[in-house]
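A.B. asks: Here it is, the structure, as structure tokens.
The values are calculated or read from the model by the stated rules, or taken from the named source; none is laboratory data. The shown structure was predicted, so the numbers you read here are calculated from the model rather than taken from an experiment. Heads up: the accessible areas ignore ligands, DNA and RNA and are worked out on the full protein's heavy atoms, side chains in. Shrake-Rupley method; radii C 1.70, N 1.55, O 1.52, S 1.80 Å.
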Amino acid sequence: MDMNSTSGKNKVRRRRGVLRSWLLAGGLALGTAATVAACGSSSSSTAAGSPSSSSPAGASSSASATISAKSVPGVGTVLVNGQGQTLYMLTSEKGGKITCTQANGCTQAWPETLLTNGATTAKAGSGVQSSLLGTVKDASGNLEVTYNHWPLYTFSGDSGPGVAKGQGLTSFGGTWYVLNGSGNPVTSRAASG
């Protein structure tokens, strides 16, 4: 009887262990999905195809990343991605030196603008000089889009296109600014009117 009692308890423990594992895995998946959604990144809607499996979850990518210049309230005519999201540069990354990484948590708040596997250049949209577009490899070996040698990022605090809440914020070793079509940081807010 003791043997059956012990065996029964072990079965219950195993079931609880399996249940805990499933609950933990489900919770992690749900938490990851919520984090990605909260970061303003939506890989499925920003990618023409699947992003590479080595791309960070918060990265903004598309099969052929298009960079354009559009008017954004508060900052003027600045660079945006193909979805109209405002693009930023970090002052500590002058000359394409990557300091915003997945390892230091920066790309959680400031998703990189990446090319997908196979793509080698970004597409110049209206108001953008194709000669200023380039790429730099991030710490994971992914190609990040640059403009006038500045790696480009979106900001998780921007609710959508036409928003620039990241303008002038200081974090991760520098200050975040939008870029104009000439590739220069816009370091002030535009006059509101």
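A.B. asks: Quick one: check the C-alpha center-to-center distance for the range 63-98 versus the range 100-122, whole angstrom.
C.D. replies: The distance from the Cα centre of the range 63-98 to that of the range 100-122 comes to 13 Å.
A.B. asks: Pop out the ³J(HN,Hα) list for the range 93-105 in order, Karplus 6.51 cos²θ - 1.76 cosθ + 1.60 with θ = phi - 60°, rounded to Hz; leave Gly and Pro as x.
C.D. replies: Listing the rounded values in order: 9, 3, x, x, 6, 7, 10, 8, 10, 5, 4, 8, x Hz.
A.B. asks: Pull out the extension gain between His149 and Thr77, defined as 0.36 nm times the separation in residues minus the alpha carbon to alpha carbon distance; nm, one decimal.
C.D. replies: Between His149 and Thr77, full extension yields an extra 24.0 nm.
A.B. asks: Right, another one. Would you grab the residues whose amide H sits under 5 Å from the one on Gly125? Only those 5+ places off in sequence or on another chain, please, with H modelled 1.01 Å from N.
C.D. replies: For Gly125, whose amide H was placed from the backbone, the distant partners under 5 Å are Ile67, Ser68.
A.B. asks: In whole percent, and with a 1.4 Å probe on the protein chains, what portion of the accessible area of the range 57-193 is carbon and sulfur?
C.D. replies: Answer for the range 57-193 is 50 percent, counting heavy atoms of protein chains only.
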